[in-house]
Every structure is written in C-alpha cells, then in structure tokens.
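The values are calculated or read from the model by the stated rules, or taken from the named source; none is laboratory data. Note that the coordinates shown come from a computational prediction; the quantities given were computed from them, not determined experimentally. Counting neighbours? That spans all protein chains shown, and the Cβs are built from the backbone with ideal geometry, glycine included.
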Amino acid sequence: MRKTLYAIISLLAVPFLFSSCLDDDDTTYEFSSDALISAFSINDIKTEVASKTAAGKDTTIIVTTIGSKYKFTINQNENRIYNTDSLPAGTDVRKVSVNLSIIGYSVVYEKNQKDTLWTSADSLDFTRPVNFKVYAYDGTFRSYTAQINVHKQDPDSLQWTQLKGTNFSVQAGSRQKAVLFQDNIYVFAENGNQVQVTSTGMTDGKTWTPLQNIGIDEADYSSAIAFNNQLYILAKNKLYSSSNGTDWSEVTTDRTFTQLFAASSTHLYGISEQKIVESENAVTWTEQENATEYFPTRNVSYSICKLPTNSKIERLIVIGERNVSSDTTAVVWSKLSTENTWTRYHQSADNAYGCPKLKELAVIHYDDNLYAFGGEKDYTTTWQIKPFSVLYESLDHGITWKKKTSKVMLPEEFIDRTGYFSYLVDSDNFIWIMWSGSNDVWKGKINRLGFVGVQE
C-alpha cells in the first residue's frame, strides 16, 4: 500500500511543482494525458503434473509452457487484453510474470482489492482477470482487464461419447461394415446368406432406418464401398451398384471379382483373376499386378493419405490379414496415385513395431496418422493385451506401429469386450464405432479438431 501511495503522491506533485516555477516567467506547460498499454506478453510458465514412473509409482513432472509462443491481443477500444490461442489444459496460471510496454508514467494492478505498483518481477494470479491501471503524466489513468485463456480440455485428447437412446439394432453375432456415403452412415450386416442394411444421418446417429435385406443372394457385406456417388458390393463374384443402399443393379462389365477392397478419389480397386485391378467408372478395368499370396483377404481396411510434400499425390494404404495362423502381424500394401506398382511392407517375425494381428482388426486414417485397434492377438504369444484396450499408432504410413499410452485412447468401456463392430471416420472428424447386439453407438473426436461437444 505504501508503494501505491508514494506513486500516486509523486504523480500528483509533479504538476504543482512545474506550475509554481512557471508562474515566474508566465510560461505554461501541459502534461500529457496519454496512458495505454502498447504491448503485453507472458514469460514461461512451469506446471507440476502428476505422472507415474516406469515402475508404476506416483511422481510429478515439470511441464513448461513457452510464453513467447502465445500472442496477446490488446483491444484498445474495449480496454481488454487476451490470448486467442489458449494455453494447454492444466497450465497453472496462479503465478505468472508478464512484460508490459506502456505510454505513460507508471502501472498499478489490483491485488486483494488494492492497487499495487507493478514491476516485471511480480507474479500475478491469472485464475481470474487482472485489472491494470496505466497512469499518465497529468495524473489521469486508463484501466485494462487482462485475462489468460487456458483450454478447459486437452486439445490433443480424444474424447468419446456413447449416444443414448439409439435404435441401432444389428443382431449379436452379425459381422458388419460401415460406409460413409453422401453424408449418411450405412451399416451392412451379414444375415445368413443375405446382407441387411441400416443407415443414419452423419449429424444424427440415434435414429437408424429399419434393417432390411438388400435383395442380393450371397452378397459379401465386407465388400461394400462408396465410389463416384454410388455404393458397390460383390455377390457371387459379380459387381452391383446402388444410389441409396437398398435398390441394387448388376454392373455390366466383363470382369468377375473375388475382392473389392479400396476406393481413392479417382479409382475403384478390386481383385479379379488373382490380379489387382482398377477402374475409373466400375465398368472398364485395368490390370496392375498379381495379387500374391501376401495380399490381405480378411478384415481389410484402406486409407488415403495425401503426401505432405505434394497434396496432389495420394498414397493408398491397404491393411488386413491373411488366413495364415503363423502370421504375427497384419499385412500392409501401399501405392502412390502417380504409379501403377504396389509395394508390400515386409514384416519379419521379430519385428516389434509391425501392425499387430488382432482379432477383428480395424484401421483408420485420422488426424494425418493411422490407428489400429481390435480384440486380443490372433496368434499364440506369451505376451497378451486385453481386447480393445490399446490404440496402435503409425506416423509413417503403416511401416511402424507403437502403442498409444495417453490422450488418444479407446473408451474404457471397450476393454475385454467381445463381438463384432463397424467403424468409420466422417467428414467432421468424428470416429464412429457401432457394436452388434447391444445397440451401442459411440462417437469420438480429438478436441483440437473442433472442440465440439457430442450430443448424448
């Protein structure tokens, strides 16, 4: 309080001293009324975060938030100071030192409902907005309210919500596949020698159309795919198309197919007479190369990744399993849109970073990375993981895979779960997972990809 009083007294005394001297020579001087904060920044902030050692013991680590990375806006019309890019969730803003550039004489800030002279060494509590006053040389002042925005949620964390009250009703024991088509989610499910379909709007997820047969005997639910404003599916080695998921017609082509496995922005891909084939219109097909014994035949997923060095070039990645019990990893194939040749990523038995061969293996392309998940390991090993307890991440387009241990995780409710499910990533960056036999529909999203809450 003494510092504050001394500051105010000195400010008020200056005009009087000058005016008494000026009376002698009849000269008048005016003191500036300019008072503003022209620049505002924060220094680094160190935060203690609870963690665990490799042995599982509780500990704390120090996380440093680099203050210079965060730009502060000074709204001179509203006298507000704030950061548009919020600090990471969990940042401790109880003791923050700031840097100020001012036009004026001095700065005070409110502490415990009293004015305190500010210095650069002060640690300020920004859990609530801090009020600053900039004094001009004529004794007047200008007030500012400064706040430091901190994310309520970790921007890099994957948040999951189970949708309540859905009528999703794929029966238990039915394998299924989800396809995104014209902003709708279609789920194709096996039912004896028939395939049934149900759908919902991408922005809904609660209300699904009643399951109905697609009307094609011995259709392969796993071959359902969207391409060029049409849905496609295989049945008895023949290709069928639909514009709505329920009305289907055979595609006139001279090809027969054993697989329909991927679609890029320009081509549809399948296996015909043990050859990988591609088409721009689903009618005329071009052979590329042999689909060797190492090409995946079950639980096949595909992803389209744009090259970081050239967004016009796409990398098509196909991941799945062979029906070979000795395989310890999934099979990964890749092709660039500018090339006709395919590359198989060779995985040795001792490769600890191959894509794990999991039961009901699922792979998605999300946030520019690949993620794999599924049930227990589908081969004999002394090391086991609980089904659906781990997401495996690949940062190099499927070459190496590592377990995620924080932030991007599956819901705890999935652990040790059994049964079949379908999945996809929609155009709003939501991950969808639908479970057979339980009416369970889940949506997940990394916070920074929208910070949009999911409606239950």
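Side notes on the structure shown:
- Flag if R175 is surrounded by fewer than 20 Cβ atoms within 10 Å (Cβ to Cβ), among the basic types (K, R), in contact with a strand residue (DSSP E or B) (Cβ under 7 Å, 6 or more places away or on another chain) and under 28 Å from I37 (Cα atoms): no
- Hey, G173 more than 21 Å from the chain's Cα centre (by Cα) and not assigned by TED's automatic domain parsing to the domain that holds F31 or not: yes
- Answer residue from the stretch 235-249, given it is surrounded by 15 or more Cβ atoms within 10 Å (Cβ to Cβ) and under 33 Å from the mean Cα position of the chain (by Cα) and is nearest to S272 (Cα to Cα) among those: S241
- Residue check for Y82: at pLDDT 95 or above and either of a type outside the set (A, V, I, L, M) or in the same structural domain as T405 (by TED's automatic domain parsing) (or both): yes
- Within the stretch 295-320, considering residues that are part of a loop (DSSP other than H, G, I, E, B) and loosely packed, with under 14 Cβ neighbours inside 10 Å, the one farthest from the chain's Cα centre (by Cα): T309
- Meeting the requirement of 1 or more residues that are within 25 Å of Q176 (Cα to Cα) and modelled with pLDDT of 90 or more, the strands (runs of 3 or more DSSP E) wholly within the stretch 321-371 are 331-336, 362-366.
- For K386, the conditions (1) within 27 Å of A189 (Cβ to Cβ); (2) buried (at least 16 other Cβ atoms within 10 Å of the Cβ); (3) among the charged types (D, E, K, R) are fulfilled apart from (2).
- Every test in (1) surrounded by fewer than 20 Cβ atoms within 10 Å (Cβ to Cβ); (2) free of Cβ contacts under 8 Å to residues at least 40 places away in the same chain; (3) out of contact with any Ser or Thr (no Cβ under 7 Å at 6 or more places or on another chain) is passed by Q196 save one, and that test is (1).
- One residue from S223, S143, S199 being closer than 30 Å to S32 by Cα and at pLDDT 95 or above: S143
- So Y366, is it over 23 Å from G270 (Cα atoms), among the hydroxyl-bearing types (S, T, Y) and touching an Asp or Glu at 6+ places or on another chain (Cβ under 6 Å): no
- Selection from the stretch 216-234 of residues that are part of a loop (DSSP other than H, G, I, E, B) and either exposed (fewer than 15 other Cβ atoms within 10 Å of the Cβ) or touching a residue at least 60 places away in the same chain (Cβ under 8 Å) (or both): D217, E218, N229
- Screening M434, M409 for residues that are hydrophobic (A, V, I, L, M, F, W, C) and within 19 Å of N369 (Cα to Cα) leaves exactly one candidate, M409.
- Qualifying residue in the stretch 92-110 (condition: within 25 Å of the chain's Cα centre (by Cα) and either among the small types (G, A, S) or within 21 Å of S157 (Cβ to Cβ) (or both)): yes
- Residue check, F168 at negative phi, in the same structural domain as G104 (by TED's automatic domain parsing) and in contact with a Phe, Trp or Tyr (Cβ under 6 Å, 6 or more places away or on another chain): no
- Of the residues making up the stretch 93-127, those that are surrounded by 15 or more Cβ atoms within 10 Å (Cβ to Cβ), farther than 22 Å from T65 by Cα and not aromatic (F, W, Y) number 10.
- Of all residues in the stretch 411-426 being free of Cβ contacts under 8 Å to residues at least 60 places away in the same chain and in a loop (DSSP other than H, G, I, E, B), the one that is nearest to E360 (Cα to Cα): T418
- Count of the stretch 138-193 residues, restricted to those that are over 29 Å from N229 (Cβ atoms) and touching a residue at least 40 places away in the same chain (Cβ under 8 Å), is 30.
For every residue, the table says whether it meets (1) farther than 26 Å from K407 by Cβ; (2) out of contact with any Phe, Trp or Tyr (no Cβ under 8 Å at 6 or more places or on another chain); (3) surrounded by 17 or more Cβ atoms within 10 Å (Cβ to Cβ).
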residue	(1), (2), (3)
D58	no, yes, no
R80	yes, no, no
T84	no, yes, no
A89	no, yes, no
P129	yes, yes, no
